[in-house]
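Please treat every number below as a calculation from the coordinates, not as lab data. None of these values were measured; they are calculated from a predicted model. Every residue, glycine as well, gets a Cβ built from its backbone with ideal geometry; the counts of neighbours run over all protein chains shown.
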Amino acid sequence: MTDAQAWRSVRTPLVRTSLAVGVATGGYGLSFGALGTAAGLTVAQTCALSVLVFTGGSQFALVGAVSGGASAMSGAASAVLLGSRNALYGARLAPLLRLRGAPRLLGAQLVIDESTAVALSGEQHGERAGRLGFWATGLAVFVLWNLATLVGALAGTVIGDPRDLGLDAAVPAAFLALLAPRLRERPARLTGAAAALLAVAVVPVVPVGVPVLVAALVPVAAVLARRGPDT
């Protein structure tokens, strides 16, 4: 097998995977668009969130908090907290992508769960495959997510309450999809359960949107406890 044939045998399934991930993730954009306008955002504001923020969990957190009666600051704090994981992804991908200048700004915008996962999977076949996985997945998700957000936002102005179509279930579904792969080990499950119980316990005494911030203290405490006093 020649080098060109070997590359095609890697490239074709990698691109197919990237497009499949883009289509699957883009579907969430429909729900986000509808929920955004239902929460009181304009179509332009909802679309701007998808273009500029472009991290689904954070966007759902912001819209969910605002629609639940929380302040914009509380919703933004929840969104930032969830989006902070992308900084860790960026640190891991930097040696693979080796971006400089304007491409680095574009690459930073495309650092999300999906592009990171496909990039690291492709990296097993070499750096070229890893970079292809990152760019193909990131661009596919970005384009389809934003198109779906626009369609969902426009539809949201027509259908009224998105709960009539069950679109409100997208928020917990999105969080569960992000959380489930991280609960494979017993310590992670225990930490998640403790955080959930704490969030429920403080609901009656704190403003809407704050319980998720309080619950975030549990994994921080767990990490510090595992490190010990001498680290």
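Computed over the alpha-carbon atoms, the range 1-42 gives an Rg to Rh ratio of 1.42, Rh here being the Kirkwood radius from the mean inverse distance.
Taking a temperature of 37 °C and a viscosity of 0.692 mPa s, what whole-number D in µm²/s does Stokes-Einstein yield for the range 39-143 with Rh from Kirkwood over alpha carbon pairs?
In µm²/s, the coefficient is 224.
The overall shape of the range 101-160 is prolate: from the C-alpha gyration tensor, with semi-axes ordered a ≥ b ≥ c, the ratio a/c is 1.5 or greater and a/b exceeds b/c. Put a dot 7 Å past the Cα of Val53, heading toward its Cβ, do the same for Leu198, and the two dots end up 2.3 nm apart.
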